[in-house]
Amino acid sequence: MRTRYAPLLIALALIASIAAPLLLGGLSALNGIGMLAPGAVVLIAALTLSSWLARAAKLWTLTRRLEIALPAPTALAISLATDFAFLTTPGGVGGYAANILLLRRAGATASAATAVAAADQIVDAAFFAIALPIAALLALGSAAP
């Protein structure tokens, strides 16, 4: 019963995820992308891809530390699904649940999946706690006479 409706639900989710931004003013954003230089679009796409790969590598490293045998393509799939769950749910709360659920399906115990999700957030918080003050100092330094 669950698999019978899965393709329909996936199709509806894809249609809604494309239609909602377009209905809420996203068409002007698409027009703005057309005004960018092709090199800028390629650079943005490369940065996005490298970010996805780095997040998957972080997830793979965290799971290896807990001796969870997670193949790299699975780590990338979980990472992307978690990112999209963060983006599409109010306050991003769906990302945590998706991360834990998908890690459980990949063979992690409940405690290991929760630990990986928590460690992932702690690593992100530590990065921003270090990177943002440095960026602020650099921005202030360039603004000083």
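The values are calculated or read from the model by the stated rules, or taken from the named source; none is laboratory data. Just so you know, these numbers come straight off a predicted model, no measurement behind them. Here the Cβ is made from the backbone with ideal geometry for all residues, glycine too, and neighbour counts use every protein chain on show. Only protein heavy atoms, including side chains, enter the accessible area calculation; ligands, DNA and RNA are left aside. Shrake-Rupley method; radii C 1.70, N 1.55, O 1.52, S 1.80 Å.
In table form, for the structure just shown:
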{"read-out": "Tensor-based shape of the chain (alpha-carbon gyration tensor, a/c under 1.5 rounded, otherwise prolate or oblate)", "value": "oblate"}
{"read-out": "Dimensions (Å) - region 70-145, Cα atoms, principal axes, largest first", "value": "56, 23, 22"}
{"read-out": "Projected label distance in nm at residue 57 and residue 131, using a 7 Å step from Cα toward the beta-carbon", "value": "1.3"}
{"read-out": "Contact order normalised by residue count of region 3-123, Cα under 8 Å, 6+ apart, percent", "value": "17"}
{"read-out": "Top of 12, 101, 43 by mean-square fluctuation, Gaussian network on the chain, Cα under 10 Å", "value": "12"}
{"read-out": "Whole-number accessible area per residue in Å² for the chain, which is evaluated in the context of all protein chains at 1.4 Å", "value": "70"}
{"read-out": "Two-site FRET efficiency, residue 138 against residue 24, from Cβ-Cβ distance with R₀ of 35 Å, rounded to 0.05", "value": "0.50"}
{"read-out": "Highest-MSF residue in the chain out of 19, 97, 112 [GNM, Cα springs under 10 Å]", "value": "19"}
{"read-out": "Karplus-derived HN-Hα couplings along region 107-117 (A = 6.51, B = -1.76, C = 1.60, θ = phi - 60°), whole Hz, x at Gly and Pro", "value": "x, 7, 6, 4, 5, 5, 5, 5, 5, 5, 4"}
{"read-out": "From phi via Karplus (6.51, -1.76, 1.60), per-residue ³J(HN,Hα) for region 85-99 in Hz, x at Gly/Pro", "value": "5, 4, 6, 9, 10, x, x, x, 5, x, x, 5, 5, 5, 4"}
{"read-out": "Top positive-direction residue, dipole computed over the chain with Cβ charges, set 72, 86, 35", "value": "72"}
{"read-out": "Highest-MSF residue in the chain out of 46, 75, 56 [GNM, Cα springs under 10 Å]", "value": "46"}
{"read-out": "For the chain, calculated [θ]222 nm from helices alone, where every DSSP H run of n ≥ 4 adds -39500 (n - 2.57)", "value": "-28500 deg cm²/dmol"}
{"read-out": "Interchain or long-range residues, amide H under 5 Å from residue 89's placed H", "value": "94"}
